[in-house]
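Chemist: Here you go, one structure.
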Amino acid sequence: MKRNSLDYITAFITSLLIFLLPLFSLIYSYNFHVFLSKYFSNTQNKFILRHIVRFFRGEIDINNVFFTEQAIKHLQDVKILIIRLQAFIFILFVLLIILIIIYERHRIKFPFRKTSIFSFIIIGIFSLSLLSFKNFFTYFHKSLFSNKLWLFPNDALIVNLYTQDFFKWFLITSLVISLLLSLIMFIFSKENSK
């Protein structure tokens, strides 16, 4: 494989990880769910939020004490997506480790600059979604869910816990963390090139 192709593949994989890891870690952060719900939910119930996060983590099953059957099925669909995301991140990590071994074996410098540029592009693309978040939110759900279980009445508990503003700030926070990681990568690329 040519060096340039190797650099682009490595940069792309690393930049995907820079984008996905903050998103993934925030999904599993009970404290972050509580923090966002304090400002962007129509109801605050730490117990239910803890229950949902523990369900996503695989610690407990979701039950119908709090949610309707529709909400339970949707949360189960979300959990499947989270598991797929986790598997995808794992595959990216394995590929990145293999690539790092190749770089080390051939004493090639890691493509920090290309990685930061790819990361800035990914962050920029997802930042554009914030301009019309409602449309992005709808498209996201239509693309990732084969059913209409994500369409809830306005008074549903799950909608009041997880409002669109909640998800918007979830994405903003993830993008800011990714941006900081990308900036560190960019600064490191400048230091590494000296």
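Chemist: From the list 180, 144, 161, which residue is touching a residue at least 24 places away in the same chain (Cβ under 8 Å) and surrounded by fewer than 14 Cβ atoms within 10 Å (Cβ to Cβ)? Explain how you work it out, then say what you get.
Modeler: Numbers: 180 fails: touching a residue at least 24 places away in the same chain (Cβ under 8 Å); 161 fails: surrounded by fewer than 14 Cβ atoms within 10 Å (Cβ to Cβ).
Going through 180, 144, 161 in turn, just one is touching a residue at least 24 places away in the same chain (Cβ under 8 Å) and surrounded by fewer than 14 Cβ atoms within 10 Å (Cβ to Cβ): 144.
Chemist: Any residue at all in the range 1-9 that's in contact with a helix residue (DSSP H, G or I) (Cβ under 9 Å, 6 or more places away or on another chain), open to solvent by 20 Å² or more (accessible area, probe 1.4 Å), of a type in the set (A, V, I, L, M, F, W, C) and farther than 18 Å from residue 167 by Cα?
Modeler: Step one: filter the range 1-9 for residues in contact with a helix residue (DSSP H, G or I) (Cβ under 9 Å, 6 or more places away or on another chain), giving 1, 6-9.
Subset that is open to solvent by 20 Å² or more (accessible area, probe 1.4 Å): 1, 8-9.
This time we only want the ones that are of a type in the set (A, V, I, L, M, F, W, C), so: 1, 9.
Then drop every residue that is not farther than 18 Å from residue 167 by Cα, which leaves 1, 9.
Checked the range 1-9: at least one residue is in contact with a helix residue (DSSP H, G or I) (Cβ under 9 Å, 6 or more places away or on another chain), open to solvent by 20 Å² or more (accessible area, probe 1.4 Å), of a type in the set (A, V, I, L, M, F, W, C) and farther than 18 Å from residue 167 by Cα.
Chemist: A further question follows. I need the full set of residues from the range 60-99 which are under 25 Å from residue 12 (Cα atoms), surrounded by 12 or more Cβ atoms within 10 Å (Cβ to Cβ) and either touching a residue at least 60 places away in the same chain (Cβ under 8 Å) or not hydrophobic (A, V, I, L, M, F, W, C) (or both), in order please.
Modeler: Across the range 60-99, the qualifying residues are 81, 85, 86, 88, 89, 92, 93, 95, 96, 99.
Chemist: Pull up the range 29-57, narrow it to residues that are open to solvent by less than 50 Å² (accessible area, probe 1.4 Å) and not in a helix (DSSP H, G or I), then point me to the one that is nearest to residue 179 (Cα to Cα). Lay out the reasoning, then the answer.
Modeler: Initial filter on the range 29-57 (open to solvent by less than 50 Å² (accessible area, probe 1.4 Å)): 29-30, 32-34, 36-37, 41, 43, 48-49, 51-53, 55-56.
Subset that is not in a helix (DSSP H, G or I): 29, 41, 43.
Working: 29: 19, 41: 26, 43: 31 Å.
Taking the candidates together, the pick is 29.
Chemist: Right, next: Taking the criterion of being in contact with a Ser or Thr (Cβ under 8 Å, 6 or more places away or on another chain) and either of a type outside the set (Gly, Ala, Ser) or closer than 23 Å to residue 16 by Cα (or both), would at least one residue in the range 146-157 satisfy it? Working first, answer last.
Modeler: Residues of the range 146-157 that are in contact with a Ser or Thr (Cβ under 8 Å, 6 or more places away or on another chain), as a first pass: 156-157.
With either of a type outside the set (Gly, Ala, Ser) or closer than 23 Å to residue 16 by Cα (or both) added as a condition, the list becomes 157.
Within the range 146-157 (the criterion being in contact with a Ser or Thr (Cβ under 8 Å, 6 or more places away or on another chain) and either of a type outside the set (Gly, Ala, Ser) or closer than 23 Å to residue 16 by Cα (or both)), the answer is yes, since at least one residue qualifies.
Chemist: Residue 148 is checked against (1) in a helix (DSSP H, G or I); (2) out of contact with any His (no Cβ under 8 Å at 6 or more places or on another chain) and fails just one. What number does that condition carry?
Modeler: (1)
The values are calculated or read from the model by the stated rules, or taken from the named source; none is laboratory data. Predicted model, so just to flag it, every value in this text is computed and none were measured. Note: ideal-geometry Cβ built from the backbone for every residue, glycine included; neighbour counts use all protein chains shown. Just the protein is used for accessible areas: all its heavy atoms, side chains included, with ligands, DNA and RNA removed. Shrake-Rupley method; radii C 1.70, N 1.55, O 1.52, S 1.80 Å.
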